[in-house]
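Each remark here refers to the structure printed beneath this line.
Bear in mind that the values in this text are calculations on the coordinates, not laboratory data. Nothing here was measured: the structure is a model prediction, and the numbers come from that model. Reconstructed Cβ throughout: ideal geometry from the backbone, glycine too, with neighbour counts over all protein chains shown.
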Amino acid sequence: MSNTQALPLLETDVPEAVAPCCPPLTERPFTAEEAETAARMFKALGDPVRLRLFSAVASHEGGEACVCDISDVGVSQPTVSHHLKKLKEAGLLTSERRGTWVYYRVEPSVLAAMGKLLTSTSAVA
């Protein structure tokens, strides 16, 4: 007898499933809170090492990556841990400890929400 349970998948391509931090830039001016949230996300991604780590997690097979698989970004392990912590604090990644390793996953609706934020609803002529 198995104790495993299948969990439902999140459908991030369904607009209702996306929990954007902010409206698209062309929709209306941000509130102070929306601007703080968006700035925190973009500030975290403004560092080349963090951007590489975020990309490594987002593009990793299965949608999650062990820290042992993504730490080769040209900086020491403590620095990798620091950058991953900053990505988590910005709400871009989640993590789960499994034994001695930590696995990182892109927060479910982050990519869709960031894309929606930057997508213009009107066509440029």
**Q.** Equivalent ellipsoid semi-axes - Cα gyration tensor, region 32-118, angstrom
**A.** 22, 14, 11
Q. Roughly what would the spin-label model give for Glu61 and Thr79, points 7 Å off Cα along C-beta, in nm?
A. 2.9
